[in-house]
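Comments concern the structure below.
The values are calculated or read from the model by the stated rules, or taken from the named source; none is laboratory data. This structure is a prediction, so every number in the text was calculated from the model and none was measured. Note that we place each Cβ from the backbone using ideal geometry, even for glycine, and neighbour counts take in every protein chain shown. For accessibility, only protein heavy atoms count, side chains too; no ligands or nucleic acids. Shrake-Rupley method; radii C 1.70, N 1.55, O 1.52, S 1.80 Å.
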Amino acid sequence: MKSYLSPVVALLGSVTLLAAAACSAGSGSSSGSSSPGADQSLAIGLVAEPASLDFTTTDGAAIPQALLGNVYNGLVKQDETGKIVPDLAKSWTISADRKTYVFTLVDNAKFTNGQPFTADDAVFSIERVKTAWTTSLKSAMDVVQTAKAVSPTELQVTLTKPSNDWLFRMTTRIGAMFSKTGVDKLATEPIGTGPYKFGSWKRGDSIVLQRNDAYWGTKPHFGQVTLKYFKDPTALNNALLTGTINVIGTVQAPEALSQFTSNDKYQVIEGTTNGEVLLSFNNSRPVFKDGRVRSGIRAAIDHKALLDTCWAGRGKLIGSMVPPTDPWYEDLTGVVPYDLPKAKSLLQAAGATGKTLRLRLPTLPYATSCGQVVKSQLEQAGLKVQIDQLEFPAAWLTTVLKNADYDMSIIAHVEPRDLGAVFNAKYYTRYDDPTLQQALAAADAGDEATQVSEMKKAARRLAEQAAADWLFLIPNLMVADKDLKGLPQNAITESLDLSTLSR
């Protein structure tokens, strides 16, 4: 039996663009005491306001950004290196056949509705993903055969087959623990066991979270945190310059960073994320069923010039759906390199020259900026590109993500290890490839070495088949008050952990 025990030290959380990410670390088993800054408030500037507060029925990264790790805990979480560490489960064992997990739970956690957290709630939460969730991510729980409360503090989960992916997915939103009596108003009144409780939501402006004084772990420093949403990059920057906010959690105008780097009142942090900025293709459309068209589009894009033009050279070119922080990362930018003559030849051979493709963009700064560059470069290769702006999140989520009414789009996919989730026949990419699915299945069922080798095959398959184009990997780029502590270098989960921040 493998055994995983709580670490004794706390690790920094992480914040990422759009999904902003972080996991507080350590077991959190100590009840803690009120910190000196508990009566202080903090304001963080972000983009992409949630359309709802219920991530069980609404897709999009903005909801777990605000709530996961803050209002909701999971059994497990990730530290800033990507390692799975304890949360509400202080330890766990895995059977020799890798199908049965036994979790030992903390015994002092309560939901903000006053109900104690027990193994029955964990069973309820796991089963509810399979029965009540409607988002695309729910399929990660299909591998669970049974979940059983052995005692109030012992949970047994049995899988239908060995799965490397399942425990990792339990660190994401599908692993959030819910109260059996607190799921009636998830869209407006979330109830969890986390260090913060939901305070208020002023739609179109901000979400306020308040310190949970009954939190079972170490109390956070700030008594109140306001997540303030901006659609305009200049307004976001000005909010920090005027003291309206304390942190730019999602830098949207990297070309304007000099106004902060030259001012000793601020600190600038730059690291990496999981945020692959994807030029997605609707692979159900006849034009994209021809691999020459897909490869021609990829060859027509000068990725370095695009990055320099639309994101001030900040970020990393990757070439497929794997960030450098994953164990199976390889630089695949050379699989389909920039080659304009080849792009023209491929498109002409496929009969696509002169065709009009509809590029439907969310109203997000990076998508708007990079979309203009993509349009220009593809038109140089002989295509015609019509740009449509769709309000984000509501219009884009409905039109593109849900209904797949588009030819191409640009969006940052920030969920961790999301290659299989993004590229399948049911998702908006409509990408159906049995060879890819075979590699993913082998990776999930195999040992560690097999997982790495098969995931490398999957990533290379996507690149070689030109299933989409990976414009660049968004950096973790933040600006904050100089004296703010606990800000992360990298952001590799889908939550914005507020509990690590202090002055």
Pop out the carbon and sulfur fraction of the accessible area of the chain as a percent, whole number, probe 1.4 Å.
49
Intensity falloff of region 177-242 expressed as log10 I(q)/I(0), Debye formula with alpha-carbon point scatterers, at q = 0.14, 0.20 Å⁻¹:
-0.55, -0.89
Can you sort Phe124, Phe111 by 1.4 Å-probe accessible area, starting with the largest?
Phe124, Phe111
FRET E, pair Gln40, Asn238, Förster distance 22 Å, beta-carbon r, rounded to 0.05:
0.45
Ala305 label point, 7 Å along Cα→Cβ, cut-off 15 Å on backbone N: hits in region 373-390?
373-383
Work out the FRET efficiency for Gln145 and Leu317 from their Cβ-Cβ distance, taking R0 = 45 Å, and round it to the nearest 0.05.
0.60
The correct ranking of Ser41, Ser453 by accessible area at 1.4 Å, largest first, is Ser41, Ser453
Sequence neighbours fewer than 8 away in the same chain don't count; with that in mind, list the aspartates and glutamates whose C-alpha is under 13 Å from Lys228.
Glu49, Asp205
Can you pull the one-decimal nm distance between simple spin-label points at Ala256 and Lys485, each 7 Å off the Cα toward Cβ?
3.1
Under a 1.4 Å probe, counting only protein heavy atoms, Arg460 has an accessible area in Å², nearest 10, of 90
Normalise the Cα radius of gyration of region 126-273 by 2.2 N^0.38 Å (N = residues in it) and let me know the number.
1.38
List the relative contact order of region 268-401 as a percent without decimals, with contacts defined as Cα pairs under 8 Å and 6+ residues apart.
25
Asp290 - accessible surface, heavy atoms, 1.4 Å probe, Å² rounded to 10:
40
Compute, for Lys197, the solvent-accessible surface of its heavy atoms (probe 1.4 Å) with the complete set of protein chains present, and express it in square angstrom to the nearest 10.
80
Correct semi-axes for region 52-100, from √(5λ) of the alpha-carbon gyration tensor and rounded to whole Å with the largest first, are 26, 14, 10
For helix 340-349, what angle does its Cα long axis make with the longest principal axis of the chain, in degrees from 0 to 90 and rounded to 10?
80
For Arg203 and Thr131 in the same chain, what is the full-extension length gain: residue separation times 0.36 nm, less their Cα-Cα distance, in nm?
23.0 nm
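Only Cα pairs under 8 Å and at least 6 apart count here; give the relative contact order of the chain as a rounded whole percent.
Details: 1254 pairs, mean separation 123.8, N = 503.
Normalised by residue count, the contact order of the chain is 25 percent.
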List the lysines whose Cα lies under 30 Å from the Cα of Lys384, skipping any in the same chain that are fewer than 8 positions away.
Lys231, Lys289, Lys304, Lys316, Lys342, Lys344, Lys355, Lys375, Lys402, Lys426
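Expressed in nm to one decimal, what extension gain is obtained for the pair Thr363 and Glu464 from 0.36 nm per residue of sequence separation less their Cα-Cα distance?
33.3 nm is the gain from fully extending Thr363 to Glu464.
Over the chain, with the other protein chains present, what is the accessible area per residue in square angstrom, probe 1.4 angstrom?
Heavy-atom accessible area per residue stands at 37 Å².
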How many angstrom lie between the C-alpha centres of region 274-301 and region 311-325?
17
Mind checking which lysines have their Cα closer than 22 Å to the Cα of Lys219? Skip sequence neighbours fewer than 8 apart in that chain.
Lys77, Lys90, Lys110, Lys197, Lys485
Of Lys185, Lys289, ordered by accessible area with the largest first and a 1.4 Å probe, the sequence is Lys289, Lys185
